[in-house]
Amino acid sequence: MINYNKLISEKIEKATGINKDELSQYIEIPPQREMGDFAFPCFKLAKQLKKSPAIIANEIKEKISTDEYIERIEEKSGYLNFYINTNKMAEEVLKEIAVKKDEYGKSTVGNGKNIIVEYSSPNIAKPFHIGHLRTTLIGNALYKIYNFLGYNTIGINHLGDYGTQFGKMIEAYKLWENEYNLEDDPINKMMDMYVRINELCKQDEKVLDACRENFKLLENGDKYCTDLWERFKELSLKEFYKIYDLLDIKFDSLSGEAFYSDKMQEIVDILEKKGKLVESEGAKIVDLEDEGINTPCIIKKTDGTSIYATRDLAAILYRARTYDFDKCLYVVAYEQNLHFKQVFAVAKYIVDEKYYNGLTHVSYGMVALPTGKMSTRLGNVVKIEELLKETINKANEIITEKNQELEGKDDVAKKVGLAAIIFNTLSTTTNKDQIFDWSVALNFQGETGPYIQYTYVRTKSVQEKSGISPLIDEVDFSQLKEETAIKTIKTLYNFSDTLLNTAEKNEPSILARYLIELSQNYNNFYNENKLLVDDEKIKNARIALNNSVGSVLKTGANLLGIQMPNKM
């Protein structure tokens, strides 16, 4: 399929002598078609060519010509506006979708490149709450999209299974073992223990000291502490996988912080050998002022125990050796911005340049309740399992009201409910905070996941009612001349670029917004034009467009982790 950006930049390169790669960055898509299908702002070249944008535009226009893809070129206010042959675009786009089906938009750009995506990473012995939802869903979407673009993608769930909090949990168990049956509702029981022990630590410094000693024993391999820690972990994972299975989320590795406990000494040795480790108030640190970071990176605490920065550095070294990664993405909330700046700065002394240049923190905003920030210590969290079940039940009620006779209603409700949650989470730009409001998440109107599903179901219904599957080579694409049809075709054309842009910016909301745009454009086309008309040429062309929209909506939604029902 023709790349219009490349075609236009090559034409301008021949006229100006300026490299096409530079030129391609400046090409824009105007908001209205009256301004062209593509536009080149000539003021970008004014300084370089030492001429006014209007003169540059006219000179370029005189030197380039139209062809089978570009129908006309106009100069206006220093812009070169390119009008494409929409028949040709329709033919190329719809034929490619018909041939490639669910592989339309795939790329080989990532072939031979390894990408690690670290996401979800819940803490053992704590509930999987709404605060973990963004990392889980953002990471899952990026994992799927990078795979689709040809990268060898490794999904890692870096469990929070180490640290002083486990010293606290061990102490809580020692104190209140007889009060809690952990085989029954283990996560909520462990959460209750954790909230209680934190309150006790505030009241009694000796209890906090005992918790710290427990963690030290755990690091040193004490059997009682290790066995108890293993039990906490096993019970937690069993509960977490109820959620992962419901969301159909998979991981290639489940290596948590504890996995790196025997690999941290090498980090200490490397930093000492390079003269980067210094003592400060009893702790061992790396000073980062030369990197513009005023806060040092602690490698060992005053009591000799490790800190999660040390474990993250050990993980970087292990992953470089094991996966030879080109990029390692950390999908972690922006509260950890300083932590990752410190760790990435220290990584320069641990791994080769290729690896530390590939370290990327995909920072996302925090999730809060309308009443304020959530805290496991305080116990005010929305548990994700409750949220998912409530949303599916709500979807079931709405679907029952609309269609009591719907076959497989429970399965449809599950898909619709999960789509509401997933899209609500992913459609917000990652760096923005979210206020989690049940009434908003459960709203099935407007720009939502269920709206995209409804649009897809509409395309399936049209296809079924038509009773035909037009042979794409026999379709007369000139019949798709309505403005709404052209707009929909142009949106379909942009699918591949949308995926590349999503990956480049590590921003699933770009794909989410694209799916809304495609749904809206298609529905405008559907509402303004009868698709099942008597004229066979018109009907075949419109059905071909209808089917293409359904195919791309399904592919795009699946990449976000949303499954499509065939009926609603």
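Every condition in (1) crowded, with 23+ Cβ neighbours inside 10 Å; (2) assigned by TED's automatic domain parsing to the domain that holds residue 462 is met by residue 504 except one, and the failing one is (1).
Scan the range 91-116 for residues that are crowded, with 20+ Cβ neighbours inside 10 Å and touching a Ser or Thr at 6+ places or on another chain (Cβ under 6 Å) and the total you get is 4.
Output the residues belonging to the range 470-512 that are of a type in the set (Val, Ile, Thr) and more than 27 Å from residue 533 (Cβ to Cβ). Steps first, answer last, please.
Residues of the range 470-512 that are of a type in the set (Val, Ile, Thr), as a first pass: 472, 475, 484, 486, 488-489, 491, 498, 502, 510.
Answer for the range 470-512, where residues must be of a type in the set (Val, Ile, Thr) and more than 27 Å from residue 533 (Cβ to Cβ): 498, 502, 510.
Scanning the range 462-483 for residues that are part of a helix (DSSP H, G or I) and surrounded by fewer than 17 Cβ atoms within 10 Å (Cβ to Cβ) yields 463, 464, 465, 473, 474, 478, 483. If I go through the range 97-107 residue by residue, how many of them are within 16 Å of residue 546 (Cβ to Cβ) and assigned to a helix (DSSP H, G or I)? Here the count works out to 3. Per the conditions (1) in a helix (DSSP H, G or I); (2) in contact (Cβ under 8 Å) with a residue 12 or more places away in the chain, the sole criterion not satisfied by residue 527 is (2).
With charged (D, E, K, R), outside the structural domain of residue 132 (by TED's automatic domain parsing) and within 30 Å of residue 130 (Cβ to Cβ) as the only criterion, which of 447, 474, 482 stands out? Working first, answer last.
Details: 474 fails: within 30 Å of residue 130 (Cβ to Cβ); 482 fails: within 30 Å of residue 130 (Cβ to Cβ).
From the options 447, 474, 482, the qualifying one is 447.
From the list 156, 197, pick out the single residue that is in contact with a Ser or Thr (Cβ under 9 Å, 6 or more places away or on another chain) and buried (at least 23 other Cβ atoms within 10 Å of the Cβ). Give the steps one after another, and end with the answer.
Values: 197 fails: in contact with a Ser or Thr (Cβ under 9 Å, 6 or more places away or on another chain).
None of the others qualify; the one that does is 156.
Being outside any helix (DSSP H, G or I) and touching a residue at least 24 places away in the same chain (Cβ under 8 Å) is the filter; apply it to the range 275-295 and report the residue that is surrounded by the most Cβ atoms within 10 Å (Cβ to Cβ). So that I can check it myself, show each step before the final result.
Going through the range 275-295, the residues outside any helix (DSSP H, G or I) turn out to be 275-288, 292-295.
Checking which are touching a residue at least 24 places away in the same chain (Cβ under 8 Å) leaves us with 276, 286, 288, 293, 295.
On the way: 276: 18, 286: 22, 288: 17, 293: 17, 295: 13.
Top of the filtered list is 286.
Of all residues in the range 279-298, those being in contact with a Lys or Arg (Cβ under 6 Å, 6 or more places away or on another chain) and under 15 Å from residue 350 (Cα atoms) number 1.
In the range 223-250, which residue that is surrounded by fewer than 17 Cβ atoms within 10 Å (Cβ to Cβ) and either acidic (Asp, Glu) or at pLDDT below 90 (or both) is farthest from the chain's Cα centre (by Cα)? This residue is 227. Any chance the range 220-228 includes a residue that's out of contact with any Asp or Glu (no Cβ under 6 Å at 6 or more places or on another chain), without any contact (Cβ under 8 Å) to a residue 24 or more places away in the chain and of a type in the set (Val, Ile, Thr)? Yes, that holds for at least one residue. Within the range 220-274, the set of residues being outside any loop (DSSP other than H, G, I, E, B) and among the hydroxyl-bearing types (Ser, Thr, Tyr) comprises 224, 226, 236, 241, 244, 253, 260. Which of the following residues is touching a strand residue (DSSP E or B) at 6+ places or on another chain (Cβ under 8 Å), aliphatic (A, V, I, L, M) and over 30 Å from residue 474 (Cα atoms): 64, 56? Result: 64 is the single residue among 64, 56 that is touching a strand residue (DSSP E or B) at 6+ places or on another chain (Cβ under 8 Å), aliphatic (A, V, I, L, M) and over 30 Å from residue 474 (Cα atoms). Inside the range 122-166, residues that are under 18 Å from residue 360 (Cβ atoms), touching a residue at least 24 places away in the same chain (Cβ under 8 Å) and touching a strand residue (DSSP E or B) at 6+ places or on another chain (Cβ under 6 Å) make up a count of 14. The set of residues from the range 520-545 being surrounded by fewer than 23 Cβ atoms within 10 Å (Cβ to Cβ) and within 31 Å of the chain's Cα centre (by Cα) comprises 520, 521, 523, 524, 526. The residues on offer are 555, 459, 502, and the sole one that is under 22 Å from residue 5 (Cα atoms), assigned to a helix (DSSP H, G or I) and β-branched (Val, Ile, Thr) is 502. Residues in the range 51-74 include at least one that is of a type in the set (A, V, I, L, M, F, W, C) and closer than 22 Å to residue 491 by Cα.
Remark: pairs (first residue in the range 305-317, of a type in the set (Phe, Trp, Tyr); second residue modelled with pLDDT of 95 or more and surrounded by fewer than 20 Cβ atoms within 10 Å (Cβ to Cβ); Cβ separation under 9 Å; 6+ apart in sequence or on different chains) = 308/339.
The values are calculated or read from the model by the stated rules, or taken from the named source; none is laboratory data. Remember, it's a predicted structure, so these values are computed and weren't measured experimentally. Virtual Cβ from ideal backbone geometry, glycine too; neighbours counted across all protein chains shown.
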